[in-house]
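Step one of this worksheet: look at the structure below.
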Amino acid sequence: MHAMPICEEPQTLRLLEIARAIWQDAGEVTKKSLAERLGMSVSSISRLTDELERLGVVIEAGTHPSSGGRRPAVLGINASLGYTIGLDIGGANTRGIAADLNHQLISTVRMPTAQALESPDNLLNLERMVRRTIHAGGLDPHRLLAVGVAISGVINTNAGVCRFCPNIRGFNDLPVRDYLQERFGVPVIVDDSVRTAAVAEHRFGLAKDMPYFLRVAVGVGIGAAIMLNGQIYRGVDGTAGELGHIQVREDGERCNCGNRGCLEVLASGPAIVRRAQQSMAEGIQTSLETLVKRGQKLTVEAIAQAARQGDKMAFYIMNRTGEYLGIAIATALNLLGVQEVIIGGGVSQAGPILLDAVERTIRFRVMPALAPKVRVHATALDDLAAARGAAWLAAEQLFLPQALARQQSILDIAGRIQPTHRAPQLPQLLKGA
Ligand SMILES: [Zn+2]
């Protein structure tokens, strides 16, 4: 059955705006805090939230612990309306999560990334991963509301396409968004995994109260997400944030982007291992020799551990890696006027030797006005951050005015699901509010 479109009248837009504000801070927001945030009176807010409750979009989700008197009700979104899926497709591993509309995780799936030989198989694998995540949570496929896909690479979010995806074969220019939208009939967003991780930092992590920060991912590759005034800055066609391709050594090795001496060829995980191998080949003494002789693999973790235990060569490599990162990050901070840096990705777990070197180098290199304020943090989120951020961005689609025209807004969804609040009645219901 087809629902009638909800008119984009001011009242409808207002309801959607309030629903979005409740969704963002679901489980923490009260009518009073909403009124303060949106600059409205508590009575106007109450009228609108009552309407949203009648429509089945908003529910009272417990009470807020207040200092005295009657505890105010905390608002949330009616979680029975459905759930969203977030995928994070990495070079080695894929993660999928399902989350309800109040940001609670329902299911998680982790598996090795399927490396397809033929490009179309990659689309099929994505579709399978969505279904697998739905299945893992025992969820009703009909209650799927939106899908977010995070991929590491140059992603054109507007086109829903990965333009350059060096870590996964056969992903370049695949119509990821259009394909999944067609298969599942829900809004789909595609974004770079470091950007979706930054969204997760901003919502669930260390950056909750940081409108400006740089989220850096150091692993097989190096990338960054730029958060300015609470908004991710993507640049033209999604090309912003290529921190890994800032040149830090003019005479450095060739990078796969065609340049020389990019940060990525000096400070990524593979670069760290390569430098340790070179140093050993040059006969520099290190405790790592015994590890290699035992037939064990040389990894960033092993090098970091040797550095912590006082191995000079390993310390030099980790310290130098931190300095290279610091040089590139300082350049970015000088340009953006940002003070907070959050580092994630495999290499970020190397510990204080690396992070101290990053912070020291940044302080030394940024403008004096910025230097004392710069802070470098290791992420406090786990490996699901990028998938959670993708699910967040997907859910956000349901609360944007554009969703009304496509009948995919949360108001449309509530109207379709609740028999007593079917969409044809909505304009009528909204008018008197
Ligand atoms: Zn490069």
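The values are calculated or read from the model by the stated rules, or taken from the named source; none is laboratory data. Just so you know, these numbers come straight off a predicted model, no measurement behind them. No Cβ is skipped: glycine too gets one built from the backbone with ideal geometry, and neighbour counts run over all protein chains shown.
Across segment 222-241, the qualifying residues are those that are surrounded by fewer than 19 Cβ atoms within 10 Å (Cβ to Cβ) and within 16 Å of the ligand (Cβ to nearest atom), and the one among them that is farthest from Ile155 (Cα to Cα) is Ala240. When you go through (1) within 16 Å of the ligand (Cβ to nearest atom); (2) aliphatic (A, V, I, L, M); (3) in contact (Cβ under 8 Å) with a residue 40 or more places away in the chain one by one for Ala304, which number turns out not to apply? Of (1) within 16 Å of the ligand (Cβ to nearest atom); (2) aliphatic (A, V, I, L, M); (3) in contact (Cβ under 8 Å) with a residue 40 or more places away in the chain, only one is false for Ala304: (1).
Hand me the list of strands (runs of 3 or more DSSP E) wholly inside segment 163-249 holding 1 or more residues that are charged (D, E, K, R), touching a residue at least 24 places away in the same chain (Cβ under 8 Å) and touching a strand residue (DSSP E or B) at 6+ places or on another chain (Cβ under 7 Å). Explain how you work it out, then say what you get.
Working: elements: 188-192, 213-218, 222-228, 231-233.
Because the criterion is at least 1 residues that are charged (D, E, K, R), touching a residue at least 24 places away in the same chain (Cβ under 8 Å) and touching a strand residue (DSSP E or B) at 6+ places or on another chain (Cβ under 7 Å), the strands (runs of 3 or more DSSP E) in segment 163-249 that meet it are 188-192, 213-218.
Does Ala276 count as outside the structural domain of Cys162 (by TED's automatic domain parsing), in contact with a Gly (Cβ under 8 Å, 6 or more places away or on another chain), assigned to a helix (DSSP H, G or I) and away from the ligand (no atom under 16 Å from the Cβ)? No: the conditions fail for Ala276.
Residue-level check: of (1) in a loop (DSSP other than H, G, I, E, B); (2) in contact with a strand residue (DSSP E or B) (Cβ under 9 Å, 6 or more places away or on another chain); (3) under 20 Å from Val199 (Cβ atoms); (4) of a type outside the set (S, T, N, Q), Gly138 misses just (3).
Yes or no, residue by residue, for (1) on the phi > 0 side of the Ramachandran plot; (2) hydrophobic (A, V, I, L, M, F, W, C):
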position	(1), (2)
Asp100	no, no
Ile106	no, yes
Ala114	no, yes
Asp121	no, no
Arg128	no, no
His142	no, no
Gly153	yes, no
Gly160	yes, no
Arg169	no, no
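The set of residues in segment 250-268 that are in contact (Cβ under 8 Å) with a residue 24 or more places away in the chain, near the ligand (Cβ under 7 Å from one of its atoms) and either more than 18 Å from Ile343 (Cα to Cα) or assigned to a loop (DSSP other than H, G, I, E, B) (or both) contains only Asn256.
Condition first: of a type in the set (Gly, Ala, Ser) and over 25 Å from Arg215 (Cβ atoms). Can you find one or more residues in segment 326-337 that meet it?
So the first thing to find is which residues in segment 326-337 are of a type in the set (Gly, Ala, Ser), and the list is 326, 328, 330, 332, 337.
Narrowing further to those that are over 25 Å from Arg215 (Cβ atoms): none.
No, there is no match, as no residue in segment 326-337 is of a type in the set (Gly, Ala, Ser) and over 25 Å from Arg215 (Cβ atoms).
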